[in-house]
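Worksheet: the structure to be examined is printed underneath.
The values are calculated or read from the model by the stated rules, or taken from the named source; none is laboratory data. These numbers were taken from a predicted model, which means no experiment stands behind them. Every residue, glycine as well, gets a Cβ built from its backbone with ideal geometry; the counts of neighbours run over all protein chains shown. Quick note on the areas: whole protein, heavy atoms, side chains included, nothing else; ligands and nucleic acids left out. Shrake-Rupley method; radii C 1.70, N 1.55, O 1.52, S 1.80 Å.
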Amino acid sequence: MSLVDEAAQQRSQANGGALTKKEQNSSVRVYEVDPLRDHRWQSLVDRHPRAAIFHHVGWLEALRRTYGYEPVVFTTSPPESDLQNGLAFCRIRSWVTGRRIVSLPFSDHCAPLCDPQEEFESLIRHLYADRVGQQWKYIEVRPVQQNFGDTAEKLGFHAVAKYFLHRVDLEPAAEEIFRRVDKNSVQRRVRRAEREGVTEVCGKSERLLRAFYRLMVRTRARHSLPPQPYAWFRNLLDCLGQAADLRLAYLKNVPVAAVLVFHFKDTSYYKYGCSDQRFHNLGAIPFLLWRAAVHAKSRGSRTFDLGRTEEHQQGLVAFKNHWTPLSESLTYWVFPSEPSRTSGREWKLRMVKRVCGLMPVRLLSAVGTLTYRHIG
């Protein structure tokens, strides 16, 4: 029996066996939907104001193809009706790290597409039972809205990780947006890249993707971390189609930096960036990001999401502050509540960095391919 059910039972006994109206509402039936087969999920995502690229069926399909995860959506909408709400997860089965339900692995955030109180509670109550029946270690949710945190905490969730989320306002004219970014760290570096003859190439060819991945491996090696599998990026480009935007910066014929951006409705998302350290003085990453922002604005995006940043990554926080000094708090929540999991994650990350820091670069790709499916 879950914590919520135990509390409801106790209150019911205190009230002579009668459930409160709120408890009656929270016992509404919950249905499971396969978002890869049921077109109603993408229809909900297309029209829901809080839906992001990470809810997109293409993102879910890339997770399935690359890591073998099982996407599932929980909803209170019956099969014969349109979806009015939904909570998207991936079921992860790993013989190394165990079984768990995550919303969603390798996604910066994944807001529950439902009412933050009664609907969310009904869906979570169902997941409690699902977790016990299928022996999942824990449930993890990654909401953007802070009011979901209040409900999650009340239901027994614990904050397991905290990040900053930077989002650039693209509503003003392009000239005004450029004027607002940091003069030294963005404006001057963009202009220097242009003076030095840095050019941009966009596309999804195998040649461009391989150049991007070589830069990604080098960048992750500098941080003593393995890169994501090559198949992950190939699947993202294939599954998301026109929503995926791969951009590389070249100095003559040499690739010096790259970014992978996604577009969905009125928001564009900077998800991956990498570079050749030998050419950092050229300002190729700011150059590419500015070009991506201009393109995003031209296609109708009103926001440029720069993604999550861990609190201890002060260099990356400073870099994103140069684009917008405003940031939001982003918290990941898990049930059951185990505060030790936070320190455990930090300890494991330190160990991974120590081991990867001793590896030759050529081995890191193989390590990433072997390990990433177990850490989602």
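List of remarks:
- Taking the C-alpha atoms only, the angle from helix 230-240 to the longest principal axis of the chain is near 70 degrees.
- Solvent-accessible ranking of GLU70, GLU80, largest area first, probe 1.4 Å: GLU80, GLU70
- Listed pairs LYS204/LYS265; LYS162/LYS320; LYS154/LYS271 exceeding 24 Å between Cα atoms: LYS154/LYS271
- Structure remark: mean-square fluctuation, Gaussian network model of the chain, C-alpha springs under 10 Å; the largest value among SER81, SER94, SER224 belongs to SER81.
- In summary, region 24-134 shows an alpha-carbon radius of gyration equal to 1.02 times the 2.2 N^0.38 Å reference for compact globular proteins.
- Label point at GLN145 placed 7 Å out along Cα→Cβ; residues across region 90-121 whose backbone nitrogen lies under 18 Å: 103-104, 109-121
- Total formal charge among the other residues, if their Cβ is under 13 angstrom from that of HIS263, Lys/Arg +1 and Asp/Glu -1: +3
- Region 57-149 - percent of accessible surface contributed by carbon and sulfur, probe 1.4 Å: 47 percent
- One chain, two ends: GLU328 and ARG47. Fully extended at 0.36 nm per residue, the span grows by 98.8 nm beyond their Cα-Cα distance.
- Here is how the number arises for the chain: DSSP H runs of 4 or more residues each give -39500 (n - 2.57), the sum is divided by the residue count, and the result at 222 nm is -13500 deg cm²/dmol.
- Label-to-label distance for LYS183 and ALA231 is 5.1 nm, based on points extended 7 Å past Cα in the beta-carbon direction.
- Taking the chain and dividing mean pair separation by its residue count, relative contact order in percent (alpha carbons under 8 Å, at least six apart): 21 percent
- Per residue, the solvent-accessible area of region 267-341 (1.4 Å probe, heavy atoms of protein chains only, all protein chains present) comes to 43 Å².
- Helix 206-222 and the long axis of the chain differ in direction by around 80°, with both axes built from C-alpha atoms.
- Between CYS202 and SER94, the contour length at 0.36 nm per residue exceeds the alpha carbon distance by 35.2 nm.
- Stretch gain in nm, segment ARG210-HIS223, where the contour uses 0.36 nm per residue and the Cα spacing is subtracted: 2.7 nm
- With a cut-off of 18 Å on the backbone N, the residues of region 146-163 near the modelled label site 7 Å out from HIS312 along Cα-Cβ are 159-163.
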